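A quick write-up on the structure given underneath.
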Amino acid sequence: MTEPSPLLQTMIRAARAAGDRLKQDFAEIATLEIQHKNGPADPFTIADVRAEQTVKSILSEAYPDYGFLGEEGGLVEGADPANTWICDPLDGTANFLIGLPIWAVNIGLQCDGEIVAGVTYVPMQGELFRAEAGKGAYLNDVRIHVSERQGLEQAILSVGVPFMGKLRQEQFHAEMQRLTPKVGGVRRLGAGAVDMAYVACGRFDAYWEQSVSAWDMAAGAVIVREAGGVVTDTLGRDLDVQNGTVLATTPQLLDTLLHELRPVDAI
């Protein structure tokens, strides 16, 4: 096992601190006031805000010059323009609010445009996924690797469904028509950070989404890559976490999936 660097240890500490408080909030869901950012399908509570404050406080104390991009607070630029934390303090808020224990604290570090470290903590399962560029990916300190399953007929895929207010509904319908007759299964967890972590450890063979935010995919990008997977946008281009689409999969399925995910208006 490769010991996490001091930087990654700080990320782990921040994720665990936020996640442990969220577990307390999860036990008291009925007391939380639900608010909405961009319509009724985009809820948040004080638990989201408090978790982000916890993460930001711990990271900023250790690395005060780094910028911070959080789902709840937006971008706070740092004195060091090369380094920015990208954080979703509670990925899977809708799951959280209905008592479904599939949600995560997601923290990535972007350095000169590349995601170089990531932590995804899934508190209710007691699972912490971590990776640093060039040092492998781990689940609770055990090295992980993407699936070796071959072909779509063996593949279990996960997808982010474009619910109310999301773009590219027609694209999603076309993808389902193309893929569902050919694959072993399709899942929708409702937390992209968990989807990507599950690709990294081989539970899923791929995850894609056509309308996703930087904080949902930043940490997972380095975790999947360090587990031997590939991460691109849904057109096969180099991943830009600000671009809004992501495909995380295994090397053996990449070309096949890119063909099936081609734009609905492509010939």
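Taking region 1-21, which residues are small (G, A, S), surrounded by fewer than 19 Cβ atoms within 10 Å (Cβ to Cβ) and part of a helix (DSSP H, G or I)?
A17
Considering region 89-108 alone, what residues qualify as being over 18 Å from A200 (Cα atoms) and not in a loop (DSSP other than H, G, I, E, B)? Working first, answer last.
Just the residues of region 89-108 that are over 18 Å from A200 (Cα atoms), to begin with: 89-90, 92-101.
Within region 89-108, P89, L90, T93, A94, N95, F96, L97 qualify.
Could you please give the count of residues in region 230-242 that are open to solvent by less than 70 Å² (accessible area, probe 1.4 Å) and either charged (D, E, K, R) or in contact with a Lys or Arg (Cβ under 8 Å, 6 or more places away or on another chain) (or both)?
Residues in region 230-242 being open to solvent by less than 70 Å² (accessible area, probe 1.4 Å) and either charged (D, E, K, R) or in contact with a Lys or Arg (Cβ under 8 Å, 6 or more places away or on another chain) (or both): 2 in total.
Quick one: which residue in V76, V49 is surrounded by 14 or more Cβ atoms within 10 Å (Cβ to Cβ) and closer than 16 Å to A18 by Cα?
Sole residue among the options that is surrounded by 14 or more Cβ atoms within 10 Å (Cβ to Cβ) and closer than 16 Å to A18 by Cα: V49.
Restricting to region 122-136, what's the tally of residues that are under 13 Å from S5 (Cα atoms), open to solvent by less than 20 Å² (accessible area, probe 1.4 Å) and assigned to a strand (DSSP E or B)?
Final tally of qualifying residues: 2.
Of all residues in region 194-229, count the ones that are open to solvent by 10 Å² or more (accessible area, probe 1.4 Å) and either free of Cβ contacts under 8 Å to residues at least 12 places away in the same chain or β-branched (V, I, T) (or both).
Residues meeting the conditions: 1.
Name every residue in region 137-163 that is buried (at least 18 other Cβ atoms within 10 Å of the Cβ) and of a type in the set (D, E), in order of residue number.
None; the set is empty.
May I ask you to list the residues in region 45-70 that are in a helix (DSSP H, G or I) and of a type in the set (S, T, Y)? Spell out how you get there, then give the answer.
Going through region 45-70, the residues in a helix (DSSP H, G or I) turn out to be 46-62.
Of everything in region 45-70, those that are in a helix (DSSP H, G or I) and of a type in the set (S, T, Y) turn out to be T54, S57, S60.
On the given criteria, is L109 open to solvent by 60 Å² or more (accessible area, probe 1.4 Å), within 19 Å of the chain's Cα centre (by Cα) and not aromatic (F, W, Y)?
Working: open to solvent by 60 Å² or more (accessible area, probe 1.4 Å): no; within 19 Å of the chain's Cα centre (by Cα): yes; not aromatic (F, W, Y): yes.
No, not satisfied.
From the residues in region 84-105 that are modelled with pLDDT of 95 or more and open to solvent by 20 Å² or more (accessible area, probe 1.4 Å), which one is nearest to the chain's Cα centre (by Cα)?
The qualifying residue nearest to the chain's Cα centre (by Cα) is I102.
Every residue in region 4-47 that is closer than 18 Å to A219 by Cα and either in contact with a strand residue (DSSP E or B) (Cβ under 8 Å, 6 or more places away or on another chain) or at pLDDT below 90 (or both), please. Steps first, answer last, please.
Within region 4-47, the subset closer than 18 Å to A219 by Cα is 4-19.
P4, S5, L7, L8, M11, I12, A14, A15, R16, A18, G19, listed by residue number.
Among the residues of region 137-163, what is the count of those that are under 19 Å from M217 (Cα atoms), of a type in the set (A, V, I, L, M) and not in a loop (DSSP other than H, G, I, E, B)?
4
The values are calculated or read from the model by the stated rules, or taken from the named source; none is laboratory data. Keep in mind it's a predicted model, so treat the numbers as computed, not measured. Note that each Cβ is placed from the backbone with ideal geometry, even for glycine, and that neighbours are counted across all protein chains shown. Surface areas here come from the heavy atoms of the whole protein model, side chains and all, with no ligands, DNA or RNA. Shrake-Rupley method; radii C 1.70, N 1.55, O 1.52, S 1.80 Å.
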